[in-house]
1. Could you please let me know if Pro95 is under 24 Å from Ser140 (Cβ atoms), more than 20 Å from the chain's Cα centre (by Cα) and modelled with pLDDT of 80 or more?
2. Looking at the stretch 43-71, which of its residues are closer than 14 Å to Ile86 by Cβ, acidic (Asp, Glu) and assigned to a loop (DSSP other than H, G, I, E, B)?
3. Suppose we filter Ala77, Ala120 for residues that are surrounded by 11 or more Cβ atoms within 10 Å (Cβ to Cβ) and among the aliphatic types (A, V, I, L, M); which single one remains?
4. State yes or no: is Glu133 acidic (Asp, Glu), out of contact with any His (no Cβ under 6 Å at 6 or more places or on another chain) and at pLDDT 80 or above?
5. Identify, from the list Asp47, Asp81, Asp56, the residue that is closer than 23 Å to Ser140 by Cα and either without any contact (Cβ under 8 Å) to a residue 24 or more places away in the chain or more than 18 Å from the chain's Cα centre (by Cα) (or both).
6. Identify all residues within the stretch 88-107 that are buried (at least 16 other Cβ atoms within 10 Å of the Cβ) and under 15 Å from Lys57 (Cα atoms); write none if there are none.
7. Just give me the residues in the stretch 131-162 being touching a residue at least 12 places away in the same chain (Cβ under 8 Å) and farther than 23 Å from Trp82 by Cα, in sequence order.
Amino acid sequence: MGGPAPLRSTWVPEGHRALTDPTAYGVGADDAFHVICPALPEYSFSDKPREAGWDDKRIARAWIELMARLGYERYSAHGSDWGTSITMSMGQHAPEWLVEIHLSPPIAAPDPDTFHDLTAREQGAIDALKHTEEWESGYSAEQSTKLQTLGYALVDSPAGQCAWIVEKFRKWMESMATPRMYSVATNYSTT
C-alpha cells in the first residue's frame with residue numbers, strides 16, 4: 001500500500017474513492033492510499049478553537065503532529081482553497097516527513113531576484129497576480145472582516161445572492177462563456 005495522503009479542502013473530492021479502492025478504477029492494489037481528511041477549525045465537524053491564533057502554520061503543525069501520532073513517518077499531502085497554504089506550510093515545517101505535496105491551485109511566491117530577467121509569459125503572470133490583488137480580492141477582505149453583514153445581505157436578497165454567485169463564476173471560471181453565465185443567472189432566479 002502507498003503512503004497516506006492527508007487531503008484538505010473545504011470539500012472532499014469525489015476522487016478519494018480511487019485512492020482507497022484503485023482496483024475498481026483499473027489501477028493496481030499496491031497504489032492504494034490511506035486517506036486522512038482532518039477538518040479545518042470551525043469547518044465540517046470541527047469546533048471553534050478555544051483560543052485565537054489558528055492560522056495556516058499552526059494548523060500545519062497540528063496536522064504534522066496528527067500524522068506522527070497516527071504512526072506515519074512518510075506521506076504525501078494535498079490541499080486546495082485554504083488547504084493550499086496549510087499544505088505548503090506542512091512542507092516547510094516537515095520536509096523530512098513529506099514525500100510530496102500537491103496544491104490546487106499551485107501557489108508559489110515568485111523570486112524577486114529574478115524579476116529583472118522575466119519572459120513575457122512570466123511577466124504576464126506577475127501582472128495577473130497584481131491585477132487580482134488590486135481588483136479581485138475585495139470579497140476576501142469582506143468575508144474576513146464583515147462576514148455577518150455579508151451573510152445577512154446574501155440571505156435576505158435572492159438577487160444579491162445571485163449576483164454574488166454569477167460574479168464568482170465569471171471570475172473564477174474564465175472558460176465559462178457569457179451565454180452560460182446568463183443561463184446560471186436565469187436558472188437561479190427562476191428556482
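1. Considered against the rule, which asks whether it is under 24 Å from Ser140 (Cβ atoms), more than 20 Å from the chain's Cα centre (by Cα) and modelled with pLDDT of 80 or more, Pro95 comes out as no.
2. Passing the criteria: only Asp55.
3. Just a single option satisfies the conditions, and that option is Ala77.
4. In short, yes.
5. Of the residues listed, the single one that is closer than 23 Å to Ser140 by Cα and either without any contact (Cβ under 8 Å) to a residue 24 or more places away in the chain or more than 18 Å from the chain's Cα centre (by Cα) (or both) is Asp47.
6. Met88, Ser89, Met90, Gly91, Ala94
7. If the condition is that a residue be touching a residue at least 12 places away in the same chain (Cβ under 8 Å) and farther than 23 Å from Trp82 by Cα, then Pro158, Ala159, Cys162 are the ones that fit.
Let's see how each residue does on (1) surrounded by fewer than 18 Cβ atoms within 10 Å (Cβ to Cβ); (2) basic (Lys, Arg); (3) modelled with pLDDT under 90:
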residue	(1), (2), (3)
Gly2	yes, no, yes
Leu19	no, no, yes
Tyr43	yes, no, yes
Arg58	yes, yes, no
Trp63	no, no, no
Gly71	yes, no, no
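The values are calculated or read from the model by the stated rules, or taken from the named source; none is laboratory data. It should be emphasised that the depicted structure is a prediction, and the values quoted were computed from it without experimental measurement. Heads up, the Cβs are rebuilt from the backbone with ideal geometry, glycines too, and the neighbour counts pull from every protein chain shown.
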